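Below: the structure, in structure tokens.
Since every read-out is calculated from the coordinates, none of them should be taken as a lab result. All of these numbers come straight from a predicted model, not from anything done at the bench. Here the Cβ positions follow ideal geometry from the backbone for every residue, glycine too, while neighbour counts run over all protein chains shown.
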2 protein chains.
Amino acid sequence: MTVLVFLDPVHPAGRLADASSPTILATDQGVTRGDGIFESLLAINGVPRKVQAHLDRLAGSALTMDLGIPAAEVWLAAITTALTAYAGGSAAEGQAVVKLIATRGPEGGNTPTAWVQVSAVSLALAKQRDAGLSVILLERGYDSDIAARAPWLLLGAKTLSYAVNMAALRHAHSQGADDVIFTSGDQLVLEGPTSSVLLAHISDDSGVPVKRLITPHLDTGILPGTTQGALFAAAKEAGWELGYGPVTPADLLDADAVWLISSLRLLAPVNTIDGVEIGTAANRAQLSAELSALLATTL
Amino acid sequence: MTVLVFLDPVHPAGRLADASSPTILATDQGVTRGDGIFESLLAINGVPRKVQAHLDRLAGSALTMDLGIPAAEVWLAAITTALTAYAGGSAAEGQAVVKLIATRGPEGGNTPTAWVQVSAVSLALAKQRDAGLSVILLERGYDSDIAARAPWLLLGAKTLSYAVNMAALRHAHSQGADDVIFTSGDQLVLEGPTSSVLLAHISDDSGVPVKRLITPHLDTGILPGTTQGALFAAAKEAGWELGYGPVTPADLLDADAVWLISSLRLLAPVNTIDGVEIGTAANRAQLSAELSALLATTL
């Protein structure tokens, strides 16, 4: 089942719509130009997780895109309406995907079309958490220093123009791989097409074990990962050291474990990168269990 | 007025739809991922121009995107239906914009949504032909040699993921400029966000005047321009020499005239680039008139 709720000034709690019927104009710039933004978040037992972090990032994307979107409280009301409808009157159980979408609206104007979509979590994502992923490195084409000087490239904004991300995933599948980690023109690790990248280094050089979690620096033009952010906060409390890139492909291969992390799949361990095993199966499993438990405390 | 005709196996000539009512599912991957392709072409007195070149380029984009789309004859039937409806029963007069759009269809599937849209030509485009453009150079972020080795970047495909192109135009307008010419990371001239770039060099070093038309090489990952292609063919017949890049920003500034050329705006002279005048007003006007006359023979 898919539930749609449009943000509509006439309906302060949002306007429910039938997802199996057309609801979008063919002239909407979201359709004709991929001109819009989105967020995907997880709801557990009817409660959206990290909703403020997602609304903050949505507002950041809107600013980068020069797109006026409804206020946070309007989104929150529509999310509540959508999750209530999804539960169908009974108490919500289990997980659901909540998507927030805003486009620039019909051609010739600048009046956004905005809606909330709630649907089931893909079984494939749960499988990725358990079985792990084979990943390939693919060039994203941009140098890691371009984001600040070329704001029109919209790096760091989560736009609807995801054709390249989807093509990269198709390319990985055609190579027998599950997913992708993008690298910059200057050979730094960036992010996955739909995830952040995380790595762990464990050392006890001085007899004192040091556990270090590392993610690429935001300066490289990647999306700020809301789940990576939540996990970092929890890991710090638990005594992990935190580090922010630059991360090189060699750093990934040298790590004790690497993960793709996102709101829907949560923490998916990377078994191999370009066919090279990352750490050992035992290490990956142990560290994944430890960090997944920490992440669960944030959900 | 906007006319919509969907390509639909049940309606071999296409299915007319009301453009003022929603016709697209909110879960269509064209909306949620900018995952689709398009073409824009000009119709004059009810006749679509260069229709085969556009259908060929659409098929090329579909191949790059691994997207199965309807055959050319199905598009042609829908275009005819749409232009007939647009004329409203009388003989079509004047110009109209014909857009061909195909998306990957609803999420979870790979059944394209495809339609033809006919609408009026923007008055702004006609004005650009007469008054010319002030243009700024903006980095596209990619090196000119990346297209061949990174097919997942979809360079050379005309996808619906146009958010960066639109953002570049907004950036130009915020700087008081009309349009953009993208440059590569290695400082070569690429294309405009919605146009090809063309320049003319006139010389008579040996007493024999040589007229040379130049456009950036397709190897740089730019879209093959259908209007540039048609003009090149006509110019060759008329005795012009033709050249294909690499083109540098210095080449643009040194040209006798520079144009942005596309199916809808046709040939729009560039008056200034980053505030520097290109050639002289007299030269620009004379060369624009000469080439516009040649282009008119191809329409």
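Annotations
- Ascending count of other beta-carbon atoms within 10 Å, so fewest first, for A:SER203, A:SER196, B:SER288: A:SER203, B:SER288, A:SER196
- Karplus-derived 3J(HN,Hα) values for segment B:200-210, using 6.51 cos²θ - 1.76 cosθ + 1.60 with θ = phi - 60°, are 10, 10, 10, 9, 9, 3, 9, x, 9, x, 10 Hz; glycine and proline are entered as x.
- Shown here is the pair-distance distribution of the protein assembly as shown: with all Cα-Cα distances grouped in 10 Å bins from zero up to the longest one, the shares run 3, 16, 25, 25, 17, 9, 4, 1, 0 percent.
- Normalised by 2.2 N^0.38 Å, where N is the number of residues, the C-alpha radius of gyration of segment A:242-298 stands at 1.14.
- Candidate lysines - alpha carbon under 26 Å from A:LYS236, same-chain residues fewer than 8 apart omitted: A:LYS50, A:LYS211
- Chain B - share of DSSP beta bridges that are antiparallel (%, nearest 5): 80
- Dipole size of segment B:136-236 about its Cα centre, with +1 on Lys/Arg Cβ and -1 on Asp/Glu Cβ: approximately 300 debye, rounded to the nearest 20.
- Ranking B:TRP259, B:PRO216, B:HIS54 by Cα position along the charge dipole of chain B, where only Lys, Arg, Asp and Glu carry charges on their C-beta atoms, puts B:HIS54 farthest toward the positive end.
- Choice from B:LEU231, B:LEU242, B:LEU252 with maximal GNM fluctuation in chain B (Cα, 10 Å cutoff): B:LEU242
- A:ASP219 versus B:THR297: modelled label distance in nm, points set 7 Å from Cα along the beta carbon direction: 5.7
- Charging the Cβ of each Asp and Glu at -1 and of each Lys and Arg at +1, and nothing else, the dipole of segment A:126-296 about its Cα centre rounds to 620 debye.
- Fraction of antiparallel bridges per DSSP, segment B:89-212 only, in percent to nearest 5: 70
- When each of A:ILE278, B:ILE136 is scored by the number of other beta-carbon atoms lying within 10 Å, the sequence from fewest to most is B:ILE136, A:ILE278.
- For A:VAL121, distant residues with modelled amide H under 5 Å away: A:VAL97
- D by Stokes-Einstein for segment B:52-106, Kirkwood Rh over Cα pairs, 25 °C, 0.890 mPa s: 193 µm²/s.
- Rounded Å value of the spacing that divides the Cα centres of segment A:234-299 and segment B:257-285: 53
- Segment A:126-296 - Debye-derived log10 I(q)/I(0), Cα point model, q = 0.08, 0.16 Å⁻¹: -0.22, -0.92
- Taking the charge dipole of the protein assembly as shown about its Cα centre, with +1 at Lys and Arg Cβ atoms and -1 at Asp and Glu Cβ atoms, the residue from B:GLN175, A:PHE232, B:THR226 reaching farthest to the positive side is B:THR226.
- Cα-derived Rg to Rh of chain A, Kirkwood definition: 0.98
- Förster-model FRET efficiency, 35 Å R0, A:ASN110 and A:THR248, C-beta, rounded to 0.05: 0.25
- Taking the Cα atoms of segment A:126-167, the ratio Rg/Rh between the radius of gyration and the Kirkwood radius comes to 1.09.
- FRET E, pair A:GLU73, A:GLU290, Förster distance 41 Å, beta-carbon r, rounded to 0.05: 0.65
- With both labels modelled 7 Å from their Cα along Cα-to-Cβ, the B:ALA85 to A:ASP56 distance reads 4.7 nm.
- For segment B:3-121, the spread of Cα positions along each principal axis, largest first, Å: 43, 31, 26
- Descending Cα extents along the principal axes, segment A:1-44, whole Å: 32, 26, 22
- Prolate/oblate/rounded label for segment A:44-184 (Cα gyration tensor, a/c 1.5): oblate
- Most simply put, the protein assembly as shown has about 80% antiparallel DSSP beta bridges, counting only bridges with both residues inside it.
- For segment B:1-62 versus segment A:97-162, the spacing of their alpha-carbon centroids is 25 Å.
- Length added when fully stretched, A:GLU93-A:LEU123, from 0.36 nm per residue minus Cα-Cα: 9.2 nm
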